[in-house]
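Okay, so here's the structure we're looking at.
The values are calculated or read from the model by the stated rules, or taken from the named source; none is laboratory data. Remember, it's a predicted structure, so these values are computed and weren't measured experimentally. Cβ coordinates were reconstructed from backbone atoms using ideal geometry, including for glycine residues, and neighbour counts include every protein chain displayed.
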Amino acid sequence: MSSIPNIEIKILGLFEKRDSSAIKLIHDAYGRALYGVIFKILGKAEDTEEVLQDVLVKIWEKSSLYDSSKGRLYTWMLNIARNTTIDKTRTKLHKQNSKTDSQDDYVHLDRSSMELKPENIGVKDLTNILKADQKEIIELAYFQGYTQQEISEKLDIPIGTVKTKVRTALLFLKDYLKNEY
Amino acid sequence: MNIKEYIESGVLELYLLGSLSAEEEREVAKLLKEHPELQKELERIEADLISLAESNAPESLNEAILVGALERIKAGAEESNATTTVIKELPVAGKSWLNYALIAASFALLLSLGLNVKLYTNVQEAESQILALQNQNSVFAEELQIQNTNYSIKEKQVFALSDPNVLRIKLNAVPGKEGALAMVYWNSESKETYISVQNLPEPPEGMQYQLWALYDGAPIDAGVFDLNGEIQENKTIENAQAFAITLEEAGGKPSPNLEQLYVYGEV
């Protein structure tokens, strides 16, 4: 993964030249990760490809707004992917439930949509190797885009603990990846 | 700072996930520039995060995703040039057809120009309304600030005056100044002195009333005040046997002009 910075430099150079082949590089380097994020939020394969395409187009449309001094390219794209996907679920759920429910219910996604369904088979989902509390915190911080403040309030733990728990969970995954792959 | 502890706090993980507060985010961005080892760790964590997300994706993505995205990007770029190309690319299929098409296109263009003007005006109106509301809002905020200040002054006064050590001294008119009346509230412990004017004539231009404390026959300056109908705090007075008010040149005098004595009261 040490090649990531080089890819980033290339992508940023193409952004600057308004060259849309930047999107091909992003697709090749980060496409599967963004797919995984969208898939985790939707909780199913259906619509994931469509949303990923929307996300790639949005990344291109917003590319002039990215400022590398403020954060990593991946973080910036992750935000676009999360927001686009959550908007998508919200409009979809809203269409289905517009008669009975208010939109406020969908600020964060319903956990029941994360269930394992037949169309999801074939995906490894490494969060499953985590302990329940680690898994929950990763789901919130990574895939649902909660801020540390929101996680701290939701789980009723100090912000410092939120940070160390996320780190411990990811270190556990790192060790697992080292042994398995 | 201890880089190892900083890394172990987990702050880099939350930085990558975009979960930090804006302030912490700026701090991390700054430290990353100063410490290459932080940057290295950040890239390692990012790689792990990417692997974790990729574990939810198929081995290879459907090619149609990228092809479709690039087509949409291309179409989007063309759309922004569309207005100029539409008229140029009209097919030449007989003169009358072309004329109709040109007339129709001209109408469409005129209509669109008209709509643009209308939309632009609407936006301008909305902007000036927002500006007006913002101004109004800041006026309200200022007024509220003034009210709050007044309120806290009043609150402080009520608190100060309800102190059991406060002595109420009635200053009665001296001969020749009939009708003049004022109250002094003097706290014999904290030494705070307040004046409340019931009735004093409006002072002439360039003149102000001055409050005096008297102790062992000597006058002590307790400060000048204006007639604003409120209870006002004057200078603190250590010892007093009596209080008096004289009319003096604006700003006050070191010793009183007894010919201009208005009211007097003993403690």
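Take region B:46-69 and flag every residue that is surrounded by 14 or more Cβ atoms within 10 Å (Cβ to Cβ) and out of contact with any Phe, Trp or Tyr (no Cβ under 9 Å at 6 or more places or on another chain).
Step one: of region B:46-69, the residues surrounded by 14 or more Cβ atoms within 10 Å (Cβ to Cβ) are B:46-58, B:61-62, B:65-66, B:68-69.
Once the filter is applied, which keeps residues that are surrounded by 14 or more Cβ atoms within 10 Å (Cβ to Cβ) and out of contact with any Phe, Trp or Tyr (no Cβ under 9 Å at 6 or more places or on another chain), region B:46-69 yields B:A47, B:D48, B:S55, B:N62, B:L66, B:G68.
Quick one: is A:F39 in a helix (DSSP H, G or I) and either of a type in the set (D, E, K, R) or without any contact (Cβ under 8 Å) to a residue 60 or more places away in the chain (or both)?
no
Working only within region A:42-54, note down all residues that are within 12 Å of B:L66 (Cβ to Cβ) and either touching a residue at least 24 places away in the same chain (Cβ under 8 Å) or under 12 Å from the mean Cα position of the chain (by Cα) (or both). First the steps, then the outcome.
Restricting attention to region A:42-54, the residues satisfying the condition of being within 12 Å of B:L66 (Cβ to Cβ) are A:49, A:52-53.
A:L52, the sole residue that qualifies.
Can you tell me which residues in region B:226-243 are hydrophobic (A, V, I, L, M, F, W, C), surrounded by fewer than 18 Cβ atoms within 10 Å (Cβ to Cβ) and either without any contact (Cβ under 8 Å) to a residue 12 or more places away in the chain or not in a strand (DSSP E or B) (or both)?
Residues of region B:226-243 that are hydrophobic (A, V, I, L, M, F, W, C), as a first pass: B:227, B:231, B:237, B:240, B:242-243.
Still in the running and surrounded by fewer than 18 Cβ atoms within 10 Å (Cβ to Cβ): B:227, B:231, B:242.
The answer is B:L227, B:I231.
Any idea which of (1) crowded, with 18+ Cβ neighbours inside 10 Å; (2) farther than 16 Å from B:G223 by Cβ is the one B:N199 doesn't satisfy?
Condition not satisfied by B:N199: (1).
Here is a list: B:A47, B:A53, B:A64. Which entry is among the small types (G, A, S), in a helix (DSSP H, G or I) and more than 7 Å from chain A (Cβ to nearest Cβ)?
Working: B:A47 fails: more than 7 Å from chain A (Cβ to nearest Cβ); B:A53 fails: more than 7 Å from chain A (Cβ to nearest Cβ).
Exactly one residue qualifies, and that residue is B:A64.
Given (1) without any contact (Cβ under 8 Å) to a residue 40 or more places away in the chain; (2) assigned by TED's automatic domain parsing to the domain that holds B:E259, where does B:I153 come up short, assuming only one miss?
(2)
Say we look at region B:244-260 and pick out the residues that are outside any loop (DSSP other than H, G, I, E, B) and within 43 Å of the chain's Cα centre (by Cα); which of these is surrounded by the most Cβ atoms within 10 Å (Cβ to Cβ)? Spell out how you get there, then give the answer.
Here is the first cut: in region B:244-260, the residues outside any loop (DSSP other than H, G, I, E, B) are B:244-249, B:258-260.
Adding the requirement that they be within 43 Å of the chain's Cα centre (by Cα) leaves B:245-249.
Working: B:I245: 28, B:T246: 22, B:L247: 19, B:E248: 21, B:E249: 12.
Filtering region B:244-260 for residues that are outside any loop (DSSP other than H, G, I, E, B) and within 43 Å of the chain's Cα centre (by Cα), the one surrounded by the most Cβ atoms within 10 Å (Cβ to Cβ) comes out as B:I245.
Keeping to region B:197-225, report how many residues are without any contact (Cβ under 8 Å) to a residue 60 or more places away in the chain and in a loop (DSSP other than H, G, I, E, B).
Of region B:197-225, the ones without any contact (Cβ under 8 Å) to a residue 60 or more places away in the chain are B:197-199, B:201-225.
After this cut, where a residue has to be in a loop (DSSP other than H, G, I, E, B) as well, the list is B:201-206, B:216-217.
The qualifying residues number 8.
Just give me the residues in region B:156-172 being part of a loop (DSSP other than H, G, I, E, B) and touching a residue at least 24 places away in the same chain (Cβ under 8 Å), in sequence order. I'd like the intermediate steps shown before the answer.
Residues of region B:156-172 that are part of a loop (DSSP other than H, G, I, E, B), as a first pass: B:162-165.
B:D163, B:N165, listed by residue number.
Take the residues of region A:133-151 that are free of Cβ contacts under 8 Å to residues at least 60 places away in the same chain and more than 10 Å from chain B (Cβ to nearest Cβ): which is surrounded by the most Cβ atoms within 10 Å (Cβ to Cβ)?
Filtering region A:133-151 down to residues free of Cβ contacts under 8 Å to residues at least 60 places away in the same chain leaves A:133-138, A:140-141, A:146-151.
Among the residues that remain, those that are also more than 10 Å from chain B (Cβ to nearest Cβ) are: A:133-137.
Values: A:D133: 12, A:Q134: 18, A:K135: 16, A:E136: 18, A:I137: 22.
So, considering only residues that are free of Cβ contacts under 8 Å to residues at least 60 places away in the same chain and more than 10 Å from chain B (Cβ to nearest Cβ), the one surrounded by the most Cβ atoms within 10 Å (Cβ to Cβ) is A:I137.
Among the residues of region B:7-31, count how many are crowded, with 18+ Cβ neighbours inside 10 Å and part of a helix (DSSP H, G or I).
Of all residues in region B:7-31, those crowded, with 18+ Cβ neighbours inside 10 Å come to B:7, B:10-20, B:25, B:28.
Now restrict to residues that are part of a helix (DSSP H, G or I): B:7, B:11-16, B:25, B:28.
Within region B:7-31, residues that are crowded, with 18+ Cβ neighbours inside 10 Å and part of a helix (DSSP H, G or I) number 9.
Tell me which of these B:E41 doesn't satisfy, since it passes every other one: (1) surrounded by 14 or more Cβ atoms within 10 Å (Cβ to Cβ); (2) within 9 Å of chain A (Cβ to nearest Cβ).
Of everything listed in (1) surrounded by 14 or more Cβ atoms within 10 Å (Cβ to Cβ); (2) within 9 Å of chain A (Cβ to nearest Cβ), B:E41 misses just condition (2).
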